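Read through the structure below, which is laid out as structure tokens, and then see the notes.
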Amino acid sequence: MQPSHNVEARNNVTIHGSGDKVIMLAHGFGCDQKMWRHLLPYLDKQYKVILFDYVGCGYSDYSAYNKQRYSILKGYAQDVLDICEELSLEDIIFVGHSVSSMIGMHAAIQSPHIFSKLVMICPSPCFLNFPPEYEGGFDKEDLEELINLMDKNYVGWANYLAPLVMGQDSDAALTQELETSFCSTDPKFAKPFAKATFFADDRAMLSKLTLPTLIVQSKHDNLASTAVGEYMNQIIPSSQLKVVDAHGHCLHMTNPAIVSSIVREFVS
């Protein structure tokens, strides 16, 4: 592990706005903190907003990458906790997109005193199908094929995944931005993160999350269905579910005004 004084540089931490309440925005797989620029203007007038890149993503310090640590979601959760410790943060509102919802859950269960509330944007505790009791959306063979495509044709993998994630009806520029983000991430770092994301099964942890939690689900999401959001809402003790009538898995990019309104109402 890197010395604590390197954490801000290691994770390319940036601080925006001001306010008594602190919001930390955590990006999803294949992305970096730039993806929050659509939502940030709705929040930084009222809150102090912390942005960062996980190690292996964006402008993080790639020399700090540890393959064993970042092969599981707990390794990424430790990045979150390291940043909070370095900045002496407490009672923060954690907003995670996609897999970062689960990363935030890991961090909150490990150190609940650091967080006051959790917001999960398009989360899924498990992308795998376990019929008949759980439909995560994907058969294991399909996900294995998707991961293998990263080795065979990385650009082709990005070309396939970006429109699937963003949603077919989304702005072409946003889909292109996501595809470019996928392509700009070195497969050496992207593949372990992909495997940690798509093969994780955190369903058993949901009941351990005691903090007030807001689940924001997209009505038409190829990766995480509304049924997944309903499943999570039933199990997380202090949760509420908001379904946005929209397409795609990146509501913070496609519908930032709606998402910001929902978030502000929850954290006020």
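A few remarks follow.
- Elements of type helices (runs of 4 or more DSSP H) contained in the stretch 167-268, each with 2 or more residues being over 16 Å from V95 (Cβ atoms): 172-184, 187-198, 226-235
- Selection status of S238, touching a Pro at 6+ places or on another chain (Cβ under 8 Å), surrounded by fewer than 17 Cβ atoms within 10 Å (Cβ to Cβ) and without any contact (Cβ under 8 Å) to a residue 40 or more places away in the chain: yes
- Tally of residues being surrounded by 21 or more Cβ atoms within 10 Å (Cβ to Cβ) and more than 19 Å from R264 (Cα to Cα) across the stretch 3-31: 7
- The residue that is nearest to the chain's Cα centre (by Cα), counting only those in the stretch 84-131 that are among the small types (G, A, S) and closer than 20 Å to D44 by Cα, is G96.
- S18 assigned to a loop (DSSP other than H, G, I, E, B), of a type outside the set (V, I, T) and modelled with pLDDT of 95 or more: no
- Neighbours by Cβ (under 6 Å, 6+ apart or cross-chain): first from the stretch 109-137, under 19 Å from L241 (Cα atoms) and at pLDDT 95 or above; second among the acidic types (D, E) and in a strand (DSSP E or B): C126/D201
- Restricting D79, D61 to those that are closer than 20 Å to S181 by Cβ and under 18 Å from the mean Cα position of the chain (by Cα) reduces the list to D79.
- Here the stretch 86-139 is the region considered, the condition is being assigned to a loop (DSSP other than H, G, I, E, B) and among the hydrophobic types (A, V, I, L, M, F, W, C), and the residue that is surrounded by the fewest Cβ atoms within 10 Å (Cβ to Cβ) is L87.
The values are calculated or read from the model by the stated rules, or taken from the named source; none is laboratory data. The structure presented is a predicted model; accordingly, all values stated were derived computationally and were not measured. Neighbour counts run over all protein chains shown; Cβ positions are idealised from the backbone, glycine included.
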